[in-house]
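Computed from the coordinates by the stated procedures, all read-outs in this text should not be read as laboratory data. Just so you know, these numbers come straight off a predicted model, no measurement behind them. Backbone-built Cβ (ideal geometry, glycine too); neighbour counts: all protein chains shown.
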Amino acid sequence: MAFHLGETIRLKASDVKDLDDAAITTPTVSIDIYNPDGTLRETLTTFTESSAGNFYRDYTIPSGGSAGIWRARWAITKSSKVGKEDHKFEVAV
């Protein structure tokens with residue numbers, strides 16, 4: 001499913017657990033948003049923790065953006081350990 005320029009989407013990181021298989025709570029989170037050409041567009045540092053181990057951020061695709069496959073890279077840090085997770089979404093004009 002393709003999204004459109006100017007549309008708001010929900011980016012999610014679900015069921016995030018530590019090495020002991022416990023759900024992570026109150027981490028530090030950053031989400032890097034990459035354009036289709038692979039360049040970093042922006043870094044988001046606010047998010048919502050919907051429940052233990054489940055996080056989301058609503059993101060509005062810039063109206064001046066490009067069509068193609070975008071990437072959102074989550075970096076979730078807890079107790080100096082960092083986990084990274086990539087998500088891709090398609091944007092159509």
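The packing ranking of peptides 21-29, 65-73, highest mean first, is 65-73, 21-29, where packing means the average number of other beta carbon atoms within 10 angstrom of each residue. Each principal axis of the Cα atoms in the chain has its own extent, and those three values, largest first, are 43, 23, 20 angstrom.
Once the Cβ-Cβ distance of GLU42 and VAL82 is raised to the sixth power relative to R0 = 22 Å, the FRET efficiency obtained is 0.70. Close amide H partners of LEU5, meaning residues 5 or more places away or on another chain with modelled amide H under 5 Å apart, are ALA92.
With contacts defined as alpha carbon pairs under 8 Å and 6 or more residues apart, what's the relative contact order of the chain in percent?
37 percent.
Residue ranges 33-40, 78-85 sort as 33-40, 78-85 when ordered by packing (mean number of other C-beta atoms within 10 Å per residue, highest first).
Could you check what % of the DSSP bridge pairs in the chain are antiparallel, to the nearest 5?
90 percent
For a paramagnetic label modelled at 7 Å from the Cα of ILE9 toward its Cβ, which residues of region 61-76 fall within the zone defined by backbone nitrogen distances under 17 Å? It comes to 61-75, nothing else.
Here the peptides 12-19, 44-51 are ranked by packing, the mean other Cβ count within 10 Å, and the order with the highest first is 12-19, 44-51.
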